[in-house]
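The values are calculated or read from the model by the stated rules, or taken from the named source; none is laboratory data. On a predicted model such as this, the values are computed, not experimentally measured, just so you know. Neighbour counts run over all protein chains shown; Cβ positions are idealised from the backbone, glycine included.
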Ligand SMILES: [Zn+2]
């Protein structure tokens, strides 16, 4: 799903996208001369492989996201919450895929392994 940067105004523009079993829904709103604020929620279920026991499990995702989008090069590369769309086209699908990749790429334990860690902490 692509939205032209120039089409986003100061009135929040709603969008909704279903992508690979995930639902991404929110608004785009102009927040500055070359800035658009994205506020959205990502929900759904992801099939993940546990980093501890190697079992496949399903993770329920429900998270709020907010990003600043720019159609210009950002000088301050330290600000990780800014996403550049230099061609002036906001690619919502790309944002969802990046988020899914970030979740899949981070350490995650299945419920069984998280539970066993808790038990170790409690049973001293
Ligand atoms: Zn596990």
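A few comments on the model shown:
- Figure legend. Inter-residue proximity from segment 104-124: first residues under 16 Å from residue 54 (Cβ atoms) and modelled with pLDDT of 70 or more, second residues within 15 Å of the ligand (Cβ to nearest atom) and not in a loop (DSSP other than H, G, I, E, B), beta-carbon distance below 6 Å, spacing 6+ or different chains. Indicated pairs: 108/48; 110/57.
- A search for C-beta distances below 6 Å between a residue of segment 38-56 that is on the phi > 0 side of the Ramachandran plot and any residue that is more than 10 Å from the ligand (Cβ to nearest atom) and part of a strand (DSSP E or B), counting only pairs 6+ apart in sequence or on different chains, returns 44/22; 44/23; 44/61.
- Across segment 41-61, the qualifying residues are those that are within 12 Å of the ligand (Cβ to nearest atom) and part of a strand (DSSP E or B), and the one among them that is nearest to residue 22 (Cα to Cα) is 59.
- Residue within segment 74-85 that is in contact (Cβ under 8 Å) with a residue 24 or more places away in the chain and surrounded by fewer than 14 Cβ atoms within 10 Å (Cβ to Cβ) present: no
- The set of residues in segment 1-25 that are within 15 Å of residue 96 (Cα to Cα) and in contact with a helix residue (DSSP H, G or I) (Cβ under 9 Å, 6 or more places away or on another chain) comprises 1, 2, 3, 15, 17, 19, 20, 22, 24.
- Hits in segment 1-34 (condition: at pLDDT below 95, assigned to a strand (DSSP E or B) and more than 16 Å from residue 65 (Cβ to Cβ)): 32
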